[in-house]
1. Looking at this structure, is A83 modelled with pLDDT under 90 and surrounded by 13 or more Cβ atoms within 10 Å (Cβ to Cβ)?
2. When you scan segment 117-176, how many residues do you find that are touching a residue at least 24 places away in the same chain (Cβ under 8 Å) and on the phi > 0 side of the Ramachandran plot?
3. Any idea which of A155, A165, A132, A189 is of a type in the set (A, V, I, L, M, F, W, C), over 29 Å from R233 (Cα atoms), surrounded by fewer than 19 Cβ atoms within 10 Å (Cβ to Cβ) and under 29 Å from the mean Cα position of the chain (by Cα)?
4. How many residues does segment 109-127 contain that are more than 10 Å from the ligand (Cβ to nearest atom) and more than 12 Å from the chain's Cα centre (by Cα)?
5. Test of understanding: among R223, R195, R278, R231, which residue is loosely packed, with under 12 Cβ neighbours inside 10 Å, modelled with pLDDT under 95 and within 24 Å of D114 (Cα to Cα)?
6. I'd like the full set of residues that are in contact (Cβ under 8 Å) with a residue 60 or more places away in the chain, closer than 18 Å to L242 by Cβ and surrounded by fewer than 21 Cβ atoms within 10 Å (Cβ to Cβ), limited to segment 86-99.
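The values are calculated or read from the model by the stated rules, or taken from the named source; none is laboratory data. The structure presented is a predicted model; accordingly, all values stated were derived computationally and were not measured. No Cβ is skipped: glycine too gets one built from the backbone with ideal geometry, and neighbour counts run over all protein chains shown.
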Amino acid sequence: MAGSAPDAAAEGAAQVGGQVGGQVGGQVGGQAVVGRVAAAQAVAQAGDEVAAPVAAEIEAGTAAYVAAEIVADAAEGAVEEAAEAGYFSSLSVIGQFNASYILCQQGTDLVLIDQHAAHERVAFERLKGEFAGKQVDSQGLLFPETLDLSFRESAALLENLDELARLGFALEEFGGTTWLLKGVPQILAGSEYQRIIRDILEELGSLGRSRTFSDVQEDILARLACHSVVRGRRNLTEQEVLALFSQMDLTDFSSNCPHGRPVLQRITLAEMEKMFKRG
Ligand SMILES: [Zn+2]
């Protein structure tokens with residue numbers, strides 16, 4: 001007799017837990033963690049209520065714990081669903097390290113994102129898409145810039161004028177080795193155009209007979225992408241991080257990174273515990 005009351009209490013608590021878990025799991029979506037905490041509290045309460053009349057606190061407590069586990073599992077499922085909707089947007093941001101890395105948590109993983117690499121990657125894929133379409137979106141300069149080039153640079157420019165136009169650079173011969181820059185890729189707006197053009201001309205000038213523009217096309221797009229994003233350390237607002245993440249969710253990460261550098265690193269809880277010689 002004394003043994004059956006705690007069992008019933010445990011069963012009751014587990015039932016309540018299962019119901020709450022199912023509901024919460026279905027509803028929480030992006031707020032899985034909040035949902036999990038609230039649900040666990042609700043279950044603990046429910047467990048107490050059932051347990052108190054029959055003075056089987058320990059068993060009921062266990063049942064509440066088991067129920068909380070069920071809730072946690074359901075919430076985990078919600079996290080996975082959120083991941084499908086957009087991996088980066090589903091990460092919970094912990095903060096920023098050294099104004100260069102975004103620290104995030106996903107489940108029990110610590111996820112580190114190199115913000116320059118991430119911005120660069122988004123820019124690279126955008127440029128690649130525009131270039132493959134027809135030409136990189138260009139923006140006219142209100143005040144054309146004069147470029148005084150070396151003979152070698154000017155020759156490389158003349159040789160690749162069409163390709164440079166496709167890259168979004170509007171250039172006009174001014175006389176001798178002087179050129180007028182009248183338009184730039186939209187993505188570069190506000191950057192140091194002269195430096196960027198010299199950078200590209202250096203690459204183009206190195207093309208011999210065996211290599212053509214299409215051989216270095218990706219490399220040049222990567223250089224443009226790199227110039228288009230902040231290189232140094234920078235504090236990002238929460239809005240900027242969220243905007244970056246939603247852009248990253250729209251970016252195809254299947255092809256190789258332009259600089260071969262990783263955008264993301266993950267440290268699992270097990271790895272972390274090993275570092276601290278736990279368990
Ligand atoms: Zn870069």
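1. Numbers: modelled with pLDDT under 90: yes; surrounded by 13 or more Cβ atoms within 10 Å (Cβ to Cβ): yes.
Yes, satisfied.
2. 1
3. That would be A132, the only listed residue that is of a type in the set (A, V, I, L, M, F, W, C), over 29 Å from R233 (Cα atoms), surrounded by fewer than 19 Cβ atoms within 10 Å (Cβ to Cβ) and under 29 Å from the mean Cα position of the chain (by Cα).
4. Residues that pass the stated criteria total 5.
5. Values: R223 fails: loosely packed, with under 12 Cβ neighbours inside 10 Å; R195 fails: within 24 Å of D114 (Cα to Cα); R278 fails: within 24 Å of D114 (Cα to Cα).
Matching residue, one of R223, R195, R278, R231: R231.
6. Result: G86, Y87, S89, V93, Q96, A99.
Each row is one residue, and each column tells you yes or no for (1) in contact (Cβ under 8 Å) with a residue 40 or more places away in the chain; (2) assigned to a loop (DSSP other than H, G, I, E, B); (3) over 30 Å from G86 (Cα atoms); (4) within 16 Å of the ligand (Cβ to nearest atom).
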| residue | (1), (2), (3), (4) |
| --- | --- |
| I196 | no, no, yes, yes |
| G208 | no, yes, yes, no |
| R211 | no, yes, yes, no |
| D215 | no, no, yes, no |
| R223 | no, no, no, yes |
| R234 | yes, yes, no, yes |
| V241 | yes, no, no, no |
| Q247 | yes, no, no, no |
| F253 | yes, yes, no, no |
